[in-house]
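S.K.: Could you have a look at this structure, given as structure tokens, before my questions?
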Amino acid sequence: MNWLWKGSCWAAAAVVSVAVDTAAAVQLADGTIYFTQPPRLLEAVATQTAASAWGSRYYFTIQLPENSGESLQKLAIFQHNGSDIVRFDLAATRANQGNYRAHGSPLTVAAVTQESLPDYAGREKSALVVTFSPPVPPGQTVTIALHPKHNPQYPGVYLFGVTAFPPGDRVHPQFLGFGRLHFYSNDDWPVRFW
């Protein structure tokens with residue numbers, strides 16, 4: 001009977017230990033902080049897909065898992081490719097809980113800046129950086145709404161890399177993947193209206 005009691009105590013201690021470990025962030029000896037479970041890029045959507053169109057919005061939806069171990073302090077969005085460089089109205093950037101179809105509560109954006117940061121491959125690139133204040137807690141889905149001055153002039157597929165940062169001075173950025181936006185010229189549309 002005593003062995004059953006001891007075995008049950010060890011099992012309970014193991015469960016508690018696992019629960020605590022999954023909720024804690026990973027911090028290296030040098031102080032660098034990592035997400036335990038990284039956020040996920042769920043989708044990227046452009047509201048207008050015609051090349052050179054005005055009034056489009058680009059939505060990037062990110063899910064921060066419950067077991068991420070850290071909040072989300074900022075996101076960096078890099079244009080990876082394309083025949084034209086997309087320029088954004090930084091002051092018009094918005095963020096909310098949920099996705100672009102079902103807007104939840106707005107999130108406070110402390111700053112939106114254009115910075116030179118290393119991309120997923122370590123190359124210095126210009127990035128649009130969105131900083132949250134307070135940081136977004138684990139278990140949330142967040143959508144960033146970017147306002148381009150206009151869609152790219154040249155049609156084609158444009159890839160935007162998304163990188164997430166936990167809070168802190170010494171953090172490991174986590175590359176989440178590419179948001180793919182496809183823009184079409186007027187000649188690409190199959191339906192003619194004349």
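S.K.: For the stretch 27-33, take each phi angle, set θ = phi - 60°, evaluate the Karplus expression 6.51 cos²θ - 1.76 cosθ + 1.60, and give the result in whole Hz per residue in order, putting x for glycine and proline.
M.R.: Listing the rounded values in order: 10, 6, 4, 7, x, 5, 9 Hz.
S.K.: Measuring from centroid to centroid over Cα atoms, what is the spacing of the stretch 115-144 and the stretch 72-100 in Å?
M.R.: The stretch 115-144 and the stretch 72-100 have Cα centres separated by 9 Å.
S.K.: Would you grab the residues whose amide H sits under 5 Å from the one on Arg87? Only those 5+ places off in sequence or on another chain, please, with H modelled 1.01 Å from N.
M.R.: Those qualifying (amide H under 5 Å, at least 5 residues apart or on another chain) are Lys149, His150.
S.K.: I would also like to ask the following. Whole-Hz Karplus ³J(HN,Hα) for the stretch 101-111, in order, using 6.51 cos²θ - 1.76 cosθ + 1.60 and θ = phi - 60°, x for Gly and Pro?
M.R.: Those phi angles translate into 7, 10, 5, x, 5, x, 9, 7, 9, 6, 7 Hz.
S.K.: Calculate the FRET efficiency for Ala92 and Ser126 from the Cβ-Cβ distance with a Förster distance of 22 Å, rounded to the nearest 0.05.
M.R.: 0.75
S.K.: Then there's this: Could you derive backbone 3J(HN,Hα) for the stretch 73-78 from the dihedral phi with the Karplus parameters 6.51, -1.76 and 1.60 (θ = phi - 60°), listing whole Hz in sequence and x where the residue is Gly or Pro?
M.R.: Working through the residues one at a time gives 8, 7, 10, 10, 10, 10 Hz.
S.K.: Also, quick follow-up: Give me log10 I(q)/I(0) at q = 0.11, 0.14, 0.19, 0.22 Å⁻¹ for the stretch 55-194, Debye formula, one equal scatterer per alpha-carbon, no solvent.
M.R.: -0.43, -0.67, -1.16, -1.49
Every number in this text was worked out from the coordinates using simple rules, so none of it is lab data. Computed from a predicted model, the values in this text were never measured in an experiment. So basically every Cβ, Gly included, is an ideal-geometry build from the backbone, and we count neighbours across all protein chains shown.
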